[in-house]
Structure formats: structure tokens, C-alpha cells
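Heads up: the structure comes next, in C-alpha cells.
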Amino acid sequence: MFSQNGLSLDQAPPISVVFRFFLSGALFGILAGILILFFQTVIFDAHSMKAVILTHTLTLGVMLSFMFAALFQMLPVIAGVTLTSPIKKANLVQYPFVLGVTALLLAFNFSSPWLFTVASLLLGGSILFITIIMLSNLVKLPNQSSSSRGMLTALASLAIVVLLALYMTGTLSGLFEGSYYTQIKTAHYSFGLFGWIALLIISISFQVIEMFYVTPPYPKLVSKYLPLTLLTLLVITTITGLFNPNIWAVSNTLLALLLIGYALLTLKRLTQRKRPLTDATVWFWRLGLSSLILSMLTLVMTNFTELSWVKSSTYLFFASFALSIVFAMFYKIVPFLTWFHLNSQGYFTAPMMHEVIHPKTAMKHLYIHLATLVTFILSLFINLFIFLAGVLTILSFGWMAWQIIHAWRLYKHTQETGEKFEMNIA
């Protein structure tokens, strides 16, 4: 499933590395739901501190945790990169990362300069540490695929996101004067959403859409040049935006057109599947790509209207895009890894993938996720719906956390009680 050339146990990271990043992301997602219940519709005011706290809970705590899990697993699979000492590297990333996210959220809440300094050291150190390692491994590849090249641009964008964030936290802690704070803030958000999250999803999709769903490959013009085009556009706009902030209106329109084109192309590829069966992950992709289109359309609309719900819709649909794709990948990765590791260890009693997470279980999560999106949209116009949105957010990530715990318990139970193949050596 994961590689046309096969994947050995030596290449794959220990299952605990991937599972625990998924679990920390799910737990931060539950925290996000709790924060929504407390902050209510204030989260739709992008300038409020409550919106900033929730945004970083989702982008750092949830999305970056999920994407670390995906990178640790997918680098060996779609790029041929094997990270040495994966458990040690995961420890050096995850523990300071979780503490750093916590410190940052508290720093925003209490406007504490020393907490911003602590968060900068923990987050900057942990994220840049693993980013540099992954970048150096990818650069050394003798044969670059479209996905590996895309990952290079996405990781480069992540490094830029962190450096821009360090300037901002340095300003908030009193270390820098912050003359360009507003311009850097705009660039930070754009690089985070378009240069990191969108770029990584695009890069991975170049291989997993064809591999998972047996579709025709992306056109070479798209797979080869789209990631670099997005990164170049962001870099040029960031530099120009230091002196002319209005350039972002033009840049956002170009970014929106490129991403809409990618989403439409991917939706078309999903209609060209050679496997006619449609599971929950296909619908997660469809929902995510449709959400990306709506997000980009409302982004363009913000150039012509001051309506608050239009701007809020841009962020809501983008969050739906990112999380939908993460959930689609989650329901492919977790069952496969559980079966793969046990099977590779010789257990002929290893559970099949549908026994780890049943397709109907994934479909139920799709309904929860879709209901969450609908209630968020309704809450833009009817405030009371925000409470239902918060509860559904907790349920959605709680559902995900339980699937991880269930898969881990099944994995350990098979190791403790399962039967192995007997190798008779003459």
C-alpha cells in the first residue's frame, strides 16, 4: 500500500513514534474544543487574543503534531529517507514542543514577556532541530521525486514560519523593537497556512492520491512546479510587503487561484479512481478539497467586502481543508501501521486493517466532522450554535484519540498473546 518498492521494518519508525504525535494532536484538539466553549464567538474576531490563542492551539498543537506524525512515517515511504534513532529524535522534538506550545498559549493569555521567551526557546529549538535534520536528509537524496521536492519547499517554509515567529515573540518579550511587527505578522500567517500546511498536503498528495486510490498521476507541470511557485510567490511578497503591505491583496488572489486549480485537479483525479469502492477517506479528501476551494473564494472576496463573516469563513473553511486531509491520512496510516508492524514481527494473528479501525467507524467520524463544520458556519449568524460546535469539536478529537488508544492496545495485546510463525532451520 505505502510503497511500490516495499517498506521494510528497518525503514519504518517505531509505531509508538507516530502514534504519540497523533495522540498529542488529538489532545490539543480536545483542548481547542474546550477553549471554544469558553471563548464562544469572540474567536471570529481575528484581532482578539482569544482568536490568537485558539489559532495557535489548532495550528501548532493540532496540525503540527499531526504533520510531525505524518513526516516521521511518510519520509521513508514516499521520499526514501530513513531517520536514524527515530525514538531519540522524537523525544527531542515532542517534549519541548508540547511544553513550548503550552508556554506560548499561557504567554498570550497573560501577556507575559518571560513566557514568550520560554516558548521561543522551546518551540524554536525543537521545530528547527527536526526541520534541519529532515531537510538535510532530503537534500542528500540522489533522485528527487515530485513529493520529495515538495517536502523540501514545505519544510523550508516551516523554517521561515519559525524564524518569523521568533521575531514576533522577541518583540513581545521586549528583545526587539519590532518596527516591522505588523508586516511580519501577515507574512507569518501566510507562510504558516499556504507555505507550510497547504504545501505539505499538496506535496504528499502527489504520491498518496495515486498510490492509495489508484488514480492517474498529476501532470508533471503541476507536480514539478506548483510547490516552488507557491514558495517563490510567498518569499517575494514577504520582502515586498515590508515596504508595501498592499501587495498581499494581489498575492493572496494569485495564491487562491493556484490552490483552487490544485483542488479542482485533485477532485477530478478522485473521479478517475480504478478502485470503484468509496470509503470514508475518499470523502474526507473531497470535503477537504471542497473546503479549500470555498476558503480561497472567500479569501478573494475579502478584497471587495468588509463583511466579518466572509473573513471568518476563509479561516473556517481552511481549517476544514487541513483537518479533513489529516483525518483521511490518519484512517489510512493507523490501521496499516498496526497490521504492518505486527505482521513484520511474525505474528500470523495480526489483526487485519479493518479490525483495527472499521470502515464504519471512520465514516461515523466523517459525519461528526461534517456536523462540526456546519455548526461553526451557523454560529457565524446564530451565536448559540457555537456551544454545539465546541462540543462537536471535543467529540471529533475525542473520537480520534480513542481510535489511537484502541489501536495501541490491540497492538500490545497481540504482542503479548499472539502466535508467531515458526521458522524451522535445518
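The values are calculated or read from the model by the stated rules, or taken from the named source; none is laboratory data. Predicted model, so just to flag it, every value in this text is computed and none were measured. Neighbour counts are summed over all protein chains in view; Cβ atoms, including those assigned to glycine, are modelled from backbone coordinates with ideal geometry.
With respect to the conditions (1) assigned to a helix (DSSP H, G or I); (2) surrounded by fewer than 19 Cβ atoms within 10 Å (Cβ to Cβ), Thr349 lacks only one, and its number is (1).
Just checking: which of the helices (runs of 4 or more DSSP H) contained wholly in the range 137-249 hold 3 or more residues that are touching a helix residue (DSSP H, G or I) at 6+ places or on another chain (Cβ under 8 Å) and under 30 Å from Leu277 (Cα atoms)?
Counting at least 3 such residues, we get 146-172, 199-213, 220-241.
Among the residues of the range 165-172, is any of a type in the set (Val, Ile, Thr) and buried (at least 21 other Cβ atoms within 10 Å of the Cβ)? Checking the range 165-172: at least one residue is of a type in the set (Val, Ile, Thr) and buried (at least 21 other Cβ atoms within 10 Å of the Cβ).
Exactly one residue among His358, His365, His369 is at pLDDT 90 or above, within 27 Å of Ile201 (Cα to Cα), out of contact with any Pro (no Cβ under 7 Å at 6 or more places or on another chain) and loosely packed, with under 15 Cβ neighbours inside 10 Å, and that residue is His358.
Of all the numbered requirements in (1) surrounded by fewer than 22 Cβ atoms within 10 Å (Cβ to Cβ); (2) touching a Lys or Arg at 6+ places or on another chain (Cβ under 7 Å); (3) of a type outside the set (S, T, N, Q), Pro227 misses one, and that requirement is (1). Remark: pairs (first residue in the range 217-243, without any contact (Cβ under 8 Å) to a residue 60 or more places away in the chain; second residue surrounded by 13 or more Cβ atoms within 10 Å (Cβ to Cβ) and acidic (Asp, Glu); Cβ separation under 7 Å; 6+ apart in sequence or on different chains) = Pro217/Glu210.
Exactly one residue out of Ser24, Ser48 is surrounded by fewer than 19 Cβ atoms within 10 Å (Cβ to Cβ) and touching a helix residue (DSSP H, G or I) at 6+ places or on another chain (Cβ under 6 Å), and it is Ser48. Checking Phe340, Phe318 one by one, the residue that is out of contact with any helix residue (DSSP H, G or I) (no Cβ under 8 Å at 6 or more places or on another chain), assigned to a helix (DSSP H, G or I) and either surrounded by 21 or more Cβ atoms within 10 Å (Cβ to Cβ) or at pLDDT below 90 (or both) is Phe340 and no other. With respect to (1) closer than 25 Å to Tyr315 by Cβ; (2) under 21 Å from the mean Cα position of the chain (by Cα), the lone exception for Phe212 is condition (1). Taken as a whole, the range 401-414 holds no residue that is under 26 Å from the mean Cα position of the chain (by Cα), free of Cβ contacts under 8 Å to residues at least 60 places away in the same chain, under 20 Å from Thr281 (Cβ atoms) and surrounded by 17 or more Cβ atoms within 10 Å (Cβ to Cβ).
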